[in-house]
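In what follows, a structure is listed as structure tokens, so that the remarks can point back to it.
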Amino acid sequence: MNMPAAAELVRFATSPPYGVATPDSARAAVDAACAAALACAQKLSSDKADPTWDNLVLPLEASAERIDREYSLVAHLHGVAATPQWDQANQQCVAKVVGAQTQINQDAGLYRRLLQLRATCRDQLDPGRRRILDEAIIGYEHSGVGLPDKKRREFAANERRLSQLGANFEENVRTATAAWSKIVPETAFGAMPADLRAAARCDEGYKVELLDPSYLAYMAHGTDRSLRELLAKARNARASDLGPTQLDNTPLVREIMQLRQKQAKLLGFNDPATLILSRRMAKEPEQVEQFLAKLAQAAASHAKRELARLTEFAQAECGIDRIEAWDLAFVGERLRQHETGLADAQVRAYFGVDRVLDGLFDCAGSLFGISFERVASTSNWDPQVVRLRIKNAAGAPVGELLLDLYARPNKRGGAWVHGALHRCTLPAGSQLPLALINCNFTAGVDKPARLSWEEVVTLFHEAGHALHHLLTKVDDYSASGMNGVEWDAVELPSQFLENFAWRREIALAMSAHEQSGEPMDETMFAKLQARRNFLPGLFVTRQLALASFDLQIHRNRDADPIELWNRIRATYMVTPALENERLPCSFGHIFAGGYATGYYGYLWADVLAADAYEMFADAANQHALGTRFASEVLERGGTRSAEENFFALRGRSPSPAALLRRLGLS
């Protein structure tokens, strides 16, 4: 057994000690990892030996993996079990990690040795390692290694400041979201599905909150229109100038954009969008604009007709003469129920969380030849976390998966996958991957949780990300799992796997009525299928607005974020807006996550996923195709470009035709 290095908290090839880690111990471990990486880089930079993979790249990989392993624990606990102490630790660790990484990537000696390695040994490396080396060199260049000393220091300072601003942005959104709640009488919950109503009950009555499960449930089912309006306006005001000054993200957004513009200019790019897209499938802003324009042309007329349907139905059936922003989800749910004959409460009755998980595991098992085994764990951050061991067809372990499915006030909103450990082989040995799926479902009250159909699909989506991380066969850290994968292709596995939730045999197998235990019948499944393409024009135009805003704010140096959002929203979306919309102040994907100039990637990857899934639609041997998808996409990591992966899978470049057909927009 390898002895841990000094101050090491998360040991190599060992599950992180989430249950016992403290902010102080985690911070010390990150500090030690960064110090060790800087010392290693300094030694490698001055090394006079001819560079090889083993004496240059491998030690750099080991240093980067250790930092990632230690900081991943901080980032995860900060996201799922936040306290002021973890918030502070996260901010300090982010600054430390970014500072160390930037200092290493600005080391001219290391850069020269990497160039020397490429010049002398590139042909001796396999294609995957060639790509790792090429991407590493670009990473050094995009970190300012070639800048004069003064500008290089300015670039490094800007990177540290950007990391702090992103952490502050996320904390403000989480804090503002958790801070708002309102106690209402039972009459306000009259139409709510029983399990959601039970989850909202408290000693004083019923509580509505801005946390995703409560907010989304009330906006779709709450009959008190004035309360829906109050909720919508409170959600909009989060972390903006419409709320507490200390949580206002408006100045943070402006400073983030100013610094990103400075960084791009320092590196010789016109704007951040051009810099970021130079390493994406799309390559340049103009290609993204053309892509969005094609989808807008297909979706615009559908969106107008769909809004007209909503408006007419609201007037005829809901007593709403003028539909407002806070009516859209409510009227939409009732129109969907009217047209499909299926209410959300009826669907939830069939999808208990354990049965859905079993169905998901069976689906992944039949596609990819893997199995899931539940194992006990005493080192979780919450008692409801589930740990699973994944094995291949031969029974050998390939990694572990942790599930944290339920919302809590100290947990960030949304759903995401976190890669805690990466598969890799380093001087310390070999390590299997560990992934964590985090969601914000409503926990059951005195019984297992029931899931909405949208939550079932979300679970399949996040499982796709997790399997991308877990099923990799790459042992080089920098290209293992999702590492090195272009960001506009990273949603391909997740959106691909969503399709299987909609398959008849899978949906019926994971359905069981909460009272009778009987599976969903064919008639009800047909109604469920009719929900899939409900109001696709409105969905796509909203995604287009978000993607266009992301692109344009990264192209326009002096754009006011609020004014730009309202202008772009009016260009793409036909639904009524809230007065004083403040969406940029909570748009964490692009201001606190990894989606800057990348939000278009959801639609871009949906094109890839829909095209890839058409292979499976009528194929007899699903396992053979699943094995092929795993071989050409999931197992490859970043050893090949996403374009090469797709061509190997389909024998051609991707086409948007399949997505337009699926959405009913062709």
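Within region 429-471, can you find the residues that are closer than 19 Å to residue 72 by Cα and touching a Lys or Arg at 6+ places or on another chain (Cβ under 9 Å)?
430, 431, 432, 433, 438, 469, 470
Within region 625-644, is there a residue that is part of a helix (DSSP H, G or I), crowded, with 18+ Cβ neighbours inside 10 Å, touching an Asp or Glu at 6+ places or on another chain (Cβ under 8 Å) and at pLDDT 95 or above?
Yes; the residues of region 625-644 include at least one that is part of a helix (DSSP H, G or I), crowded, with 18+ Cβ neighbours inside 10 Å, touching an Asp or Glu at 6+ places or on another chain (Cβ under 8 Å) and at pLDDT 95 or above.
Please find, within region 1-18, the residue that is least open to solvent (accessible area, probe 1.4 Å) out of those that are more than 15 Å from residue 431 (Cβ to Cβ) and either at pLDDT below 95 or polar (S, T, N, Q) (or both).
If we take residues in region 1-18 being more than 15 Å from residue 431 (Cβ to Cβ) and either at pLDDT below 95 or polar (S, T, N, Q) (or both), then 7 is least open to solvent (accessible area, probe 1.4 Å).
Quick check on region 515-537: of everything there that is of a type in the set (Gly, Ala, Ser) and open to solvent by 20 Å² or more (accessible area, probe 1.4 Å), which residue is nearest to residue 610 (Cα to Cα)?
530
Does region 231-238 contain any residue that is surrounded by 15 or more Cβ atoms within 10 Å (Cβ to Cβ) and either hydroxyl-bearing (Ser, Thr, Tyr) or under 23 Å from residue 141 (Cβ atoms) (or both)?
no
So that you can scan it fast, the table gives a plain yes or no per residue for (1) in a loop (DSSP other than H, G, I, E, B); (2) free of Cβ contacts under 8 Å to residues at least 12 places away in the same chain; (3) closer than 22 Å to residue 478 by Cα:
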{"residue": "15", "(1), (2), (3)": "yes, no, yes"}
{"residue": "18", "(1), (2), (3)": "yes, no, no"}
{"residue": "29", "(1), (2), (3)": "no, no, yes"}
{"residue": "44", "(1), (2), (3)": "no, no, yes"}
{"residue": "48", "(1), (2), (3)": "yes, yes, no"}
{"residue": "60", "(1), (2), (3)": "no, no, yes"}
{"residue": "64", "(1), (2), (3)": "no, no, yes"}
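Identify all residues within region 600-624 that are buried (at least 23 other Cβ atoms within 10 Å of the Cβ) and not in a helix (DSSP H, G or I); write none if there are none.
600, the sole residue that qualifies.
Determine, yes or no, whether residue 544 is in a helix (DSSP H, G or I) and free of Cβ contacts under 8 Å to residues at least 60 places away in the same chain. Working first, answer last.
Working: in a helix (DSSP H, G or I): yes; free of Cβ contacts under 8 Å to residues at least 60 places away in the same chain: no.
Judged against the criteria, residue 544 is not a match.
Determine, yes or no, whether residue 647 is farther than 25 Å from residue 539 by Cβ, touching a helix residue (DSSP H, G or I) at 6+ places or on another chain (Cβ under 7 Å) and assigned to a helix (DSSP H, G or I).
On the way: farther than 25 Å from residue 539 by Cβ: yes; touching a helix residue (DSSP H, G or I) at 6+ places or on another chain (Cβ under 7 Å): no; assigned to a helix (DSSP H, G or I): yes.
It is false that residue 647 is farther than 25 Å from residue 539 by Cβ, touching a helix residue (DSSP H, G or I) at 6+ places or on another chain (Cβ under 7 Å) and assigned to a helix (DSSP H, G or I).
Take residue 368 and decide whether it is touching a residue at least 40 places away in the same chain (Cβ under 8 Å) and closer than 30 Å to residue 634 by Cβ.
Yes, satisfied.
For region 270-378, which helices (runs of 4 or more DSSP H) that fit wholly inside it have 1 or more residues that are farther than 30 Å from residue 619 by Cβ, touching a helix residue (DSSP H, G or I) at 6+ places or on another chain (Cβ under 7 Å) and β-branched (Val, Ile, Thr)?
272-277, 285-317, 328-340
Taking only region 173-213 into account, find how many residues are under 23 Å from the mean Cα position of the chain (by Cα) and open to solvent by less than 20 Å² (accessible area, probe 1.4 Å).
Going through region 173-213 one residue at a time, the tally reaches 3.
Give the residue, chosen from 315, 337, that is over 23 Å from residue 526 (Cβ atoms) and either free of Cβ contacts under 8 Å to residues at least 40 places away in the same chain or within 29 Å of the chain's Cα centre (by Cα) (or both).
When all the criteria are applied, what remains is 315.
Which pairs turn up if I take residues in region 582-594 that are open to solvent by 30 Å² or more (accessible area, probe 1.4 Å) and look for partners that are charged (D, E, K, R) and not in a loop (DSSP other than H, G, I, E, B) with beta carbon separation below 7 Å, at least 6 apart in sequence or on another chain?
Close Cβ pairs satisfying both conditions: 592/170.
Out of curiosity, is residue 282 open to solvent by less than 30 Å² (accessible area, probe 1.4 Å), over 21 Å from residue 573 (Cβ atoms) and at pLDDT 95 or above?
Values: open to solvent by less than 30 Å² (accessible area, probe 1.4 Å): yes; over 21 Å from residue 573 (Cβ atoms): yes; at pLDDT 95 or above: yes.
Yes.
Using beta carbons and a limit of 9 Å, which pairs, at least six apart or on different chains, have the first residue in region 462-481 and at positive phi and at pLDDT 95 or above and the second one in a loop (DSSP other than H, G, I, E, B) and open to solvent by 10 Å² or more (accessible area, probe 1.4 Å)?
481/422; 481/423; 481/471; 481/474
Please count how many residues of region 456-467 are more than 13 Å from the chain's Cα centre (by Cα) and surrounded by fewer than 23 Cβ atoms within 10 Å (Cβ to Cβ).
Number satisfying all stated conditions: 1.
Residues 441, 372: which one is among the aromatic types (Phe, Trp, Tyr) and either at pLDDT below 95 or in contact with an Asp or Glu (Cβ under 6 Å, 6 or more places away or on another chain) (or both)?
Result of the check over 441, 372: 441.
Which of (1) closer than 21 Å to residue 170 by Cβ; (2) in a strand (DSSP E or B) is the odd one out, the single condition residue 408 does not satisfy?
All conditions pass for residue 408, except number (2).
So that you can scan it fast, the table gives a plain yes or no per residue for (1) touching a residue at least 24 places away in the same chain (Cβ under 8 Å); (2) among the acidic types (Asp, Glu); (3) surrounded by 17 or more Cβ atoms within 10 Å (Cβ to Cβ):
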{"position": "69", "(1), (2), (3)": "yes, no, yes"}
{"position": "85", "(1), (2), (3)": "yes, no, no"}
{"position": "95", "(1), (2), (3)": "yes, no, no"}
{"position": "109", "(1), (2), (3)": "yes, no, no"}
{"position": "116", "(1), (2), (3)": "yes, no, no"}
{"position": "124", "(1), (2), (3)": "no, no, no"}
{"position": "130", "(1), (2), (3)": "no, no, no"}
{"position": "138", "(1), (2), (3)": "yes, no, no"}
{"position": "145", "(1), (2), (3)": "yes, no, yes"}
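Name the one entry in 426, 451, 492, 434 that is more than 15 Å from the chain's Cα centre (by Cα), open to solvent by 10 Å² or more (accessible area, probe 1.4 Å) and not basic (Lys, Arg).
426
Can you say whether residue 470 is surrounded by 22 or more Cβ atoms within 10 Å (Cβ to Cβ) and touching a Leu at 6+ places or on another chain (Cβ under 8 Å), as far as the supplied structure shows?
Details: surrounded by 22 or more Cβ atoms within 10 Å (Cβ to Cβ): yes; touching a Leu at 6+ places or on another chain (Cβ under 8 Å): yes.
Spelling it out, residue 470 is indeed surrounded by 22 or more Cβ atoms within 10 Å (Cβ to Cβ) and touching a Leu at 6+ places or on another chain (Cβ under 8 Å).
Which condition breaks for residue 540 when tested against (1) open to solvent by 10 Å² or more (accessible area, probe 1.4 Å); (2) farther than 24 Å from residue 626 by Cβ?
(1)
Consider residue 552 carefully, then state whether it is among the polar types (S, T, N, Q), open to solvent by 20 Å² or more (accessible area, probe 1.4 Å), modelled with pLDDT of 95 or more and in a helix (DSSP H, G or I).
Judged against the criteria, residue 552 is a match.
Scan (1) among the hydrophobic types (A, V, I, L, M, F, W, C); (2) touching a Gly at 6+ places or on another chain (Cβ under 7 Å); (3) closer than 25 Å to residue 547 by Cα for the single condition residue 275 breaks and write down its number.
Here residue 275 meets the rest and fails (2).
In region 264-304, what count of residues is obtained for those that are within 19 Å of residue 143 (Cα to Cα), of a type outside the set (D, E, K, R) and under 25 Å from the mean Cα position of the chain (by Cα)?
Total meeting the criteria: 8.
Just one of (1) over 15 Å from residue 282 (Cα atoms); (2) over 18 Å from the mean Cα position of the chain (by Cα) trips up residue 591, so point out which.
(2)
Looking only at region 329-345, count every residue that is polar (S, T, N, Q) and open to solvent by 30 Å² or more (accessible area, probe 1.4 Å) and tell me the total.
1
The values are calculated or read from the model by the stated rules, or taken from the named source; none is laboratory data. Here the structure is a predicted model, which means the values were calculated and not measured. Neighbour counts are summed over all protein chains in view; Cβ atoms, including those assigned to glycine, are modelled from backbone coordinates with ideal geometry. Quick note on the areas: whole protein, heavy atoms, side chains included, nothing else; ligands and nucleic acids left out. Shrake-Rupley method; radii C 1.70, N 1.55, O 1.52, S 1.80 Å.
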